[in-house]
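Structure first, commentary second.
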Amino acid sequence: MKELSKRCWTEINLSIIVRNYQIYKNNLPENKKIMAVVKADAYGHGDIEVAAALQKEGVTDFAVATIDEAVKLRQSGIKGQILILGYTPVDKAEKLTEYDITQTIPDQYYAEKLSQKHLPVKVHFALDTGMNRIGLDADNPDYCDKIIRKYKDELNITGLFTHLCVADSDDQESKRFTKNQIEKFERVINKTADLNLPYNHCLNSASGLWHDCKKSVFARLGIVLYGLKPDYKNSLPQGIMPGLSWYSVVSMVKQVHAGETIGYGRTFTASKEMKIATVCAGYADGYNRMLSNKYFVLINGKKAPITGRICMDQFMVDVTDIPDVEMGTKVILIGKSGEEEITADEMADCIGTIGYEIVCNISKRVNRAFVN
């Protein structure tokens with residue numbers, strides 16, 4: 001990594017991500033394949049690099065959110081199935097066929113518009129089993145069957161899928177709801193069994209571990225691939241760990257006297273003589289402003305509490321009790337230092353969000369370094 005990049009950067013350990021994939025795969029029934037979800041730049045971990053590492057391990061199926069993400073993967077040399085889970089404007093149909101990309105069909109109206117292009121676009125029909133986001137209404141399997149058959153000769157239908165929205169929760173109501181979603185999905189699969197669609201799938205990261213559906217060819221491995229939890233209360237299989245660490249450096253250290261305030265809005269007042277360090281990261285780098293006055297970073301193996309509001313490009317921390325802090329001292333935003341560790345899941349829990357958002361929001365100006 002170039003010296004110039006050492007202001008604010010992440011290190012993504014591809015070996016850890018591959019190991020997470022292997023551990024997860026070993027926790028699945030033998031007949032289940034894995035579709036690696038690498039949307040949103042592989043949740044901030046680098047889509048091309050992660051997909052290439054997984055392809056070497058034998059992964060042939062990938063999921064993204066947009067056509068631009070799909071084309072980027074294809075142009076980088078990724079082979080096999082690339083499924084767009086989200087919306088693509090119908091006027092991009094030629095690009096879908098040009099790059100051999102599979103498109104989600106969210107409803108009948110979209111299917112009709114896409115079929116009018118008279119192109120053999122590969123598609124997966126989404127089924128709505130209770131999330132009420134996209135998909136044909138699986139409460140009416142006869143309707144789903146009718147629509148799917150209507151377009152079987154006009155589109156290249158290769159699969160059906162749904163999303164299980166509370167599979168990461170272990171309360172009884174959530175378990176009941178997930179079971180009901182799977183049953184709805186299976187009813188539509190049974191209705192269309194004679195079509196011999198090869199890629200029907202409903203399992204996500206969480207349900208692949210804690211639920212089962214024999215009709216699901218894939219488990220769509222997303223957040224767990226990166227070593228994070230679908231829900232903060234979840235326990236992951238032993239050996240799965242975060243693949244991303246996030247670092248910055250100290251730009252200056254100064255003494256602050258009792259009664260002085262720190263940062264925008266003067267939200268922190270020093271109650272005593274303090275040693276304050278300025279860190280080269282801020283909300284423009286994706287470091288969440290909600291962490292102001294609530295959280296900490298790690299410096300020299302010790303916790304340094306955030307003092308004052310996080311700025312766009314910098315924030316301040318208390319290093320009064322931490323020795324040997326000076327300009328250029330490394331700061332851990334996510335990762336380990338000595339016996340201490342900060343995870344995206346723990347950071348997210350502090351501000352009432354999820355680890356997904358923390359890693360996805362690390363901005364493009366933060367340099368990525370890939371290590372093994």
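The values are calculated or read from the model by the stated rules, or taken from the named source; none is laboratory data. None of these values were measured; they are calculated from a predicted model. Because the Cβ atoms are built from the backbone with ideal geometry, glycine has one as well, and the counts that use them run over all protein chains shown. The area values use the complete protein model at the heavy-atom level, side chains included, leaving out ligands, DNA and RNA. Shrake-Rupley method; radii C 1.70, N 1.55, O 1.52, S 1.80 Å.
Summary of values
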item	result
Selection within the stretch 132-149 - open to solvent by 60 Å² or more (accessible area, probe 1.4 Å) and touching a helix residue (DSSP H, G or I) at 6+ places or on another chain (Cβ under 8 Å)	137, 139, 142, 149
Segments classed as strands (runs of 3 or more DSSP E), wholly inside the stretch 242-342, with at least 2 members that are within 30 Å of residue 18 (Cβ to Cβ)	244-256, 296-299, 330-337, 340-342
Per-region count, the stretch 47-65, residues in a helix (DSSP H, G or I) and either open to solvent by less than 10 Å² (accessible area, probe 1.4 Å) or free of Cβ contacts under 8 Å to residues at least 40 places away in the same chain (or both)	9
Residues (farther than 22 Å from residue 15 by Cβ and more than 17 Å from the chain's Cα centre (by Cα)) located in the stretch 49-66	none
Cβ-Cβ under 6 Å pairs, at least 6 apart or on other chains, the stretch 285-306 side within 20 Å of residue 321 (Cα to Cα), far side of a type in the set (S, T, N, Q) and open to solvent by less than 40 Å² (accessible area, probe 1.4 Å)	298/337; 301/337
Which listed residue, of 309, 220, is open to solvent by 10 Å² or more (accessible area, probe 1.4 Å), of a type in the set (D, E, K, R) and over 30 Å from residue 170 (Cα atoms)	309
Residue 78 vs. criteria of a type outside the set (Ser, Thr, Tyr), surrounded by 16 or more Cβ atoms within 10 Å (Cβ to Cβ) and in contact with a Pro (Cβ under 9 Å, 6 or more places away or on another chain)	no
Hits in the stretch 196-217 - residues which are open to solvent by 40 Å² or more (accessible area, probe 1.4 Å) and among the hydrophobic types (A, V, I, L, M, F, W, C)	210, 217
Filtered residues of the stretch 25-46 (kept if within 20 Å of residue 208 (Cβ to Cβ) and in a helix (DSSP H, G or I))	25, 26, 39, 40, 42, 43
